[in-house]
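Enquirer: Provided herewith is a single structure, encoded as C-alpha cells, for subsequent inquiry.
The values are calculated or read from the model by the stated rules, or taken from the named source; none is laboratory data. Owing to the predicted nature of the structure, the values given are computational and were not obtained by experimental measurement. In this analysis, Cβ positions are derived from the backbone assuming ideal geometry, glycine residues included, and neighbour counts consider all displayed protein chains.
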Amino acid sequence: MALVLVSCTAVQGSAALAVPLFDTLHPAVAAAWRQVFGALVLVALLRPRVRGRDRAEWLAIALLGGAIASMNVLFYLAADRLPLGIAATLLYLGPFAVAAVHTGRDWRLLLPLSALAGVVLVSRPGAGADLTGTCLGLLAAGSLAAYTLTSQRLGRDGGLDRLALAAVASALVLSPLLLSSIGTPGPGQWLTLAVSGAVGIGLAFSCDFVALRLVGTRVVATLFALDPVVGALVGAVALSQQLDVRTIAGIVVIVVAGGVTTALREGPGRAAYGPGRARLGEHLSSG
C-alpha cells in the first residue's frame, strides 16, 4: 500500500505544481515536457539495454508508452477544466473497472464497490462540472486502465528497465507537441516541469511498476482509489479547496476499502512478493 500511496502523492503533487503553468502554457505541451524529463530521469538511473529484446517485448513496451502518453495528456487537459480532486476521481474509474473485473463474485466485490462509493462522495456529483473536462477525465481513466494492465504484464517477468523504455516511447509519441505552435515553456517554467517529470513520472511510475509485480493487478487497481483522496487533499492545501463532510467521509471509505483489499490479497500476490523484491534488488545492484 505504501508504494501506491507514494505514487498517488507524487502524481497529484506534481499535477499541483503544473496546473498554475496552464495560464500561459498549454496543458498538452506541459504534459509532453513532463514526460521528456521523466524519461530522462528513468534512463539515467536504470540505463536500459536496447539490444536482445524480441518483437513481442517491444510491442508491449510501445503499448505501455502509448498508454502513458495518452493518460498524461488527457489528465492534464481534464485538470485544466476541473478541480484537481474531481479530475483525479474520474481518473480512478479506469483502475476501478480493472479491480472489479479481477475480483470474484463473492463478498470481496464489495471492496471496489465501496471504494467507488467513496469516490462518488469525494467527486461531489451534480456540482455542474465542465462536460468537456468530464469526458477528458473519463478518457484518461481508460488510459490508466490500459496502463495498469500493461504494466503488470511487462513487470511480471522483467525489470524496471522496460518501464524506462516505455517512458522514452511515450516521450517520442508526444514529441510533435514540443515542436507545435500551441506554446513553449517560459524561462521560469523549466524547473517546475523538470521536477514534475522526475516526481510524477520517474518516481510515481516506478512505484506503480514494482507494486503491480508484488501484489497484482486487483490490489493495485483498488488502491488507486487513493488518487482522488490525495487529489482532494492536495487541492485543499495547494489550491485552497475546502473539504466538506461528504469529502472527508469519502476519504475514510476509500482508505478503509484499500486497506482491507491489501490485507486480504490472494495467495499468488503474496507469493510474488519475495521473488519480485529479489529481482528488483538484483536489478539495482547490477546497475
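Enquirer: I need the full set of residues from the range 191-219 which are β-branched (V, I, T) and either within 11 Å of the chain's Cα centre (by Cα) or modelled with pLDDT under 80 (or both), in order please.
Expert: Correct list: I201, V215, T217, V219.
Enquirer: Within the range 70-95, which residues are small (G, A, S) and either over 23 Å from P27 (Cα atoms) or surrounded by 24 or more Cβ atoms within 10 Å (Cβ to Cβ) (or both)?
Expert: A78, A79, G85, A87, A88, G94 - these are the residues of the range 70-95 that are small (G, A, S) and either over 23 Å from P27 (Cα atoms) or surrounded by 24 or more Cβ atoms within 10 Å (Cβ to Cβ) (or both).
Enquirer: Also, I was wondering about something else. Scan the range 186-207 residue by residue and report those that are in a loop (DSSP other than H, G, I, E, B) and surrounded by fewer than 17 Cβ atoms within 10 Å (Cβ to Cβ).
Expert: Passing the criteria: G186, P187, G188.
Enquirer: Evaluate the range 129-142: report whether one residue or more is at pLDDT below 80, under 28 Å from R47 (Cβ atoms) and of a type outside the set (D, E).
Expert: Checking the range 129-142: not a single residue is at pLDDT below 80, under 28 Å from R47 (Cβ atoms) and of a type outside the set (D, E).
Enquirer: Residues that are under 16 Å from I254 (Cβ atoms) and at pLDDT 90 or above: find the helices (runs of 4 or more DSSP H) completely inside the range 22-125 holding 3 or more of those.
Expert: No helices (runs of 4 or more DSSP H) qualify here.
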